[in-house]
Amino acid sequence: MDLGVEGKVALVTAASKGLGRASAQALVEEGAKVAINSRDPENLRATAAELGGDVLALPGDVTDPDTPRRLVEATVERFGGLHILVANAGGPPKGRAIDVDDATLQAAIDANLLTSVRLVRAALPHLRAAGWGRICLIASSSVKQPIPDLATSNTARAGLWGWAKTAAQELVDEGITLNLACPGLHRTQRILDTGFSGRLGDPKDFGRVVAFLCSEPAGFISGAALQVDGAGTLGLL
């Protein structure tokens, strides 16, 4: 299937490893020009070299309130526009809901809710100027089914889903889609380091799902939270 993104410009954050990297790789393989971001400049440069294609490395902490705007501006300066945004950020540490303090909860909200909102706000003028836009926010299967001992992540990501569902309705008539990709456990280094030995998804397959949500054929998919979790979510909705 031709995803129709050859020559399109994409920005993918938290993309030096894991699911962000896999998403960037899938877009590069489809012919997109891709800007990637992470906090570690050395790892980011190595990833850009490995991905090949037309890839721009933009180091920076995406949770810093000024960084989303800077990343978008640098992408547009290099490639002349922006069509696709894949917003990703690392997850917060484990914690029980009744034990979490204000500072820890606020940090999770900043990283896993506000960061994506800031990225969308910064990207929108350029998507509107292009008359075509795809936004994919990498979240978690916890938006449908909270994960025990991940209270801060559950809270922030559910809030993001509520915001995204509303924003998608506001943007769809402009030719801009907004969806969530909601992974379960995948074979990333973070999961392998925990010693988990059950069934795991392939990050490359997840990346291809993200690329499809950012594609031309996916133009009528918006306001969706797509579970990519190997039937791990048990609810019907």
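The values are calculated or read from the model by the stated rules, or taken from the named source; none is laboratory data. Just so we're clear, the structure is a prediction, and the values are computed from it rather than from any experiment. Every residue, glycine as well, gets a Cβ built from its backbone with ideal geometry; the counts of neighbours run over all protein chains shown.
Quick notes
- Tally, over the stretch 187-215, of residues that are farther than 12 Å from GLY18 by Cβ, of a type in the set (Phe, Trp, Tyr) and outside any loop (DSSP other than H, G, I, E, B): 1
Conditions (1) of a type in the set (Ser, Thr, Tyr); (2) surrounded by 18 or more Cβ atoms within 10 Å (Cβ to Cβ); (3) under 30 Å from ASN154 (Cβ atoms), marked per residue:
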site	(1), (2), (3)
GLU50	no, no, no
ASP61	no, no, yes
ASP64	no, no, yes
PRO68	no, yes, yes
GLU73	no, no, no
GLU77	no, no, no
LEU85	no, yes, yes
PRO93	no, no, yes
LEU105	no, no, yes
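- Number of residues in the stretch 190-204 that are touching a residue at least 60 places away in the same chain (Cβ under 8 Å) and touching a strand residue (DSSP E or B) at 6+ places or on another chain (Cβ under 9 Å): the value is 1.
- The stretch 107-121 - residue that is crowded, with 21+ Cβ neighbours inside 10 Å and of a type in the set (Gly, Ala, Ser) and, of those, nearest to the chain's Cα centre (by Cα): SER116
- Some residue of the stretch 171-192 being farther than 25 Å from VAL28 by Cα, over 15 Å from the mean Cα position of the chain (by Cα) and of a type in the set (Lys, Arg): no
- Counting only strands (runs of 3 or more DSSP E) that sit completely within the stretch 34-145, those holding 1 or more residues that are among the hydrophobic types (A, V, I, L, M, F, W, C), in contact with a Cys (Cβ under 6 Å, 6 or more places away or on another chain) and within 12 Å of THR13 (Cα to Cα) correspond to 84-87, 133-138.
- Of all residue pairs spaced 6 or more apart or on separate chains, those with beta-carbon atoms under 6 Å, a first member in the stretch 104-124 that is modelled with pLDDT of 95 or more and a second member that is basic (Lys, Arg) and assigned to a helix (DSSP H, G or I) are ASN112/ARG157; ALA122/ARG69.
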